[in-house]
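The values are calculated or read from the model by the stated rules, or taken from the named source; none is laboratory data. Computed from a predicted model, the values in this text were never measured in an experiment. Here the Cβ positions follow ideal geometry from the backbone for every residue, glycine too, while neighbour counts run over all protein chains shown. Areas reflect the complete protein model, heavy atoms only, side chains present, ligands, DNA and RNA absent. Shrake-Rupley method; radii C 1.70, N 1.55, O 1.52, S 1.80 Å.
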Amino acid sequence: MTESTSQAPSRRSLLGWGGAGLALGAAAAGGAAAVARTGDEPRSDAGAAVEFHGPHQAGIATPVQDRLHFAAFDVTTEDRAAFVELLKEWTVAARRMTAGRAVGDGAYGGPAEAPPDDTGEALGLKPSRLTLTVGFGPSLFGRFGLAGQRPDALVELPKFAGDNLDRDRSGGDLCVQACADDPQVAVHAIRNLARIGFGRVVVRWSQLGFGKTSSTTPDAQTPRNLFGFKDGTRNISGTEKDRLEKFVWAGEKDGPAWMAGGSYLVARRIRMHIETWDRTSLQEQEDIFGRDKGEGAPVGKAKERDEPFLKAMKPDAHVRLAHPDTNAGATILRRGYSFTDGTDGLGRLDAGLFFLAFQRDPRTGFIPIQRSLARDSLNEYIQHVGSAVFAVPPGVRDQDDWWGRTLFSEEA
């Protein structure tokens, strides 16, 4: 399907659905629709844009941007064709927004009688390396005749020690991860996809994030989390093709054919009790992590990237318990962000880490690592309060492709 045929409904088509009165009114007004902006022109000073097409979705191995808006959706339609059409419309809109273009016919210049196709708050802004990544939750496979296509790897996550999960911040039939260097660009993207989905999907929960806490470009400075420690020193690099193939991308032999080239996303909202942490001694903080706070060097080492000597750390040190050598080689790609969401009503900041991890299979990635971390001394200062898992399909290959085609096509 070409872009012209899979385009999200424009104001012109909406006028037609609205009845002859509105259509005649536009014509009587002197043909305003004829001079409406097409939205084809890139915004001024387009800046950096991330390529939307490829064998894998952008926003996974892509260099991590500064800001996040993550949204989980529930599907409200029972019509399979309507949901497939939504995925096609979302793909068209995502293709345009990641290139710095307006959705549909744009935010202004069209018929005054109809809502604009684009909400307009990103007009004039750069693409800001916006990436949009879609995933399908386990609950989606109970609908639309998809039960036989659910991957074995898309398991419901078990309850881990210390979990205190909020159902209103967990789960979802599908998700969209929007990452950008400008928070308004990321929020604009989620807002417009939610608007296009009206009547077919509804936002279940969402999360804003700032200050990336992991990097897929390890040659750059390692970011710090809200506890002040460097995070993700040993994260998989976006250029390490061998490690990406081994630990991140689903292969043709891993499960259903439609997931080849995709990945599995685990999202966890982790509350950090920063007021308690801030009253903890520096020595204890460093013992808990297994690294020093200044350089980020492992215990007994001089530099951040020195190979850690795990036995020199305390048995319940975070680095020791999370290390692949402790978990039979389990390795994940992290894209976490810090968050602050006001207060908890008790004078404490509702702050923490929105943890995002991509892997080839959660059963050999996140799950064994998290079980190991049940013994982590860091648990005194954190609590997992939200959780979700999604199957992330392969990338959109070209202008005729769309999110989820491999799942919903007759050949899948």
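Listed values, structure above:
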| quantity | calculated |
| --- | --- |
| Computed E for Lys311/Asp242 - FRET, C-beta separation, R0 30 angstrom, nearest 0.05 | 0.60 |
| Cα gyration tensor category, rounded, prolate or oblate, for the range 134-267 with a/c compared to 1.5 | oblate |
| Lysine pairs meeting the criterion (Cα under 22 Å, 8 or more apart or interchain), as found in the chain | 18 |
| Ranked packing of 48-60, 215-227, most packed first, by mean Cβ within 10 Å | 48-60, 215-227 |
| Hull volume in cubic angstrom per residue (convex hull over the Cα atoms of the range 219-289) | 129 Å³ |
| Helix 80-98 axis, angle to the chain major axis (alpha carbon atoms, nearest 10°) | 80 degrees |
| Carbon + sulfur, % of accessible area of the chain - ligands and nucleic acids excluded, 1.4 Å | 52 percent |
| Kirkwood-type radius of the chain, with distances r between different C-alpha atoms, in Å | 22.5 Å |
| Cα-only radius of gyration and Dmax that characterise the range 301-394, units Å | 15.5, 44 |
| Equivalent ellipsoid, the range 150-192 (semi-axes from 5 times Cα gyration tensor eigenvalues, Å) | 28, 15, 10 |
| Cα Rg, Dmax (largest Cα-Cα span) when computed across the range 356-412, Å | 17.2, 51 |
| Förster radius 25 Å - calculated FRET efficiency between Asp344 and Ala220 (Cβ-Cβ, nearest 0.05) | 0.15 |
| Mean residue ellipticity (222 nm) of the chain, computed from DSSP H runs ≥ 4 via -39,500 (n - 2.57), nearest 500 | -6000 deg cm²/dmol |
| Glu156 paired with Ala257, simple spin-label distance in nm, labels 7 Å along Cα-to-beta-carbon | 3.1 nm |
| The chain: angle of helix 183-196 to the longest principal axis, Cα-based, in degrees nearest 10 | 50 degrees |
